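S.K.: One structure is given below, represented as structure tokens, and several questions about it will come after.
The values are calculated or read from the model by the stated rules, or taken from the named source; none is laboratory data. Please read all numbers here as calculations on a predicted model, not as lab measurements. Using ideal geometry, Cβ is built from the backbone for each residue, glycine included, and neighbour counts are taken over all protein chains shown.
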Amino acid sequence: MKKIILASSVTALLFFGGCGNVEPTPAEQAATQEATPNQNQEEVIVVETETVPVENATVINEKAAVVNENATKNADSNEMTMASLENKMSSVLFGFDKYNLTPEMQSKVSDHAKIINGAANSFMIKLEGNCDEWGSDEYNFALGLKRANTVKKALVAEGVNANRLTMVSYGKSNPICTEKTQACWAKNRRVDFKLLP
């Protein structure tokens, strides 16, 4: 940018100053030479590269393909592991309008804590509180959160790090059963376990 301004200034001086027989001063000559690069001179950009023989280049490309393939396999394996671990952790169920754990559900939480601290120790755990269709939206969102918090406290008591646990309430908006029966409503009063990377 400075070169353009300098070249413009020199050109303007020459144009408005006239083109008499006056020789330019050495300073003007130097400025003109800086402003207008030699036509034979090319701008060169140097990029450092590593020369690799052709047979080694093939090996490098093959290694890169193996790394990419392994990364894809690891991601797929990770997703399969997450899904299989989630399947081992079934929902914790609650009574109508309740958020306390029955002895049976406490035992289930204890079993889930072993999985969380064992095979699932590299994952975060999301506890999803859910309710049946009875009650207002606000009431059910609060109840779902209380249920998730009850499970969180039980897991922490079993030795799970509280920092690995997050909670969310879906209220009655996430039913797994939509029939209008007692058995169906009982399935919807639950806390689900989801693994997060």
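S.K.: For the stretch 145-164, give me each residue that is surrounded by fewer than 20 Cβ atoms within 10 Å (Cβ to Cβ) and either more than 15 Å from Lys114 (Cβ to Cβ) or hydroxyl-bearing (Ser, Thr, Tyr) (or both).
M.R.: Scanning the stretch 145-164 gives Leu145, Lys146, Asn149, Lys153, Ala162, Asn163.
S.K.: Follow-up question, since we're still on this one. From Ala162, Ala119, grab the single residue that is more than 15 Å from Asp192 (Cα to Cα) and modelled with pLDDT under 95.
M.R.: The match here is Ala119.
S.K.: In the stretch 122-132, what residues are acidic (Asp, Glu) and either modelled with pLDDT under 95 or farther than 13 Å from Ser90 by Cα (or both)?
M.R.: Result: Asp132, single match.
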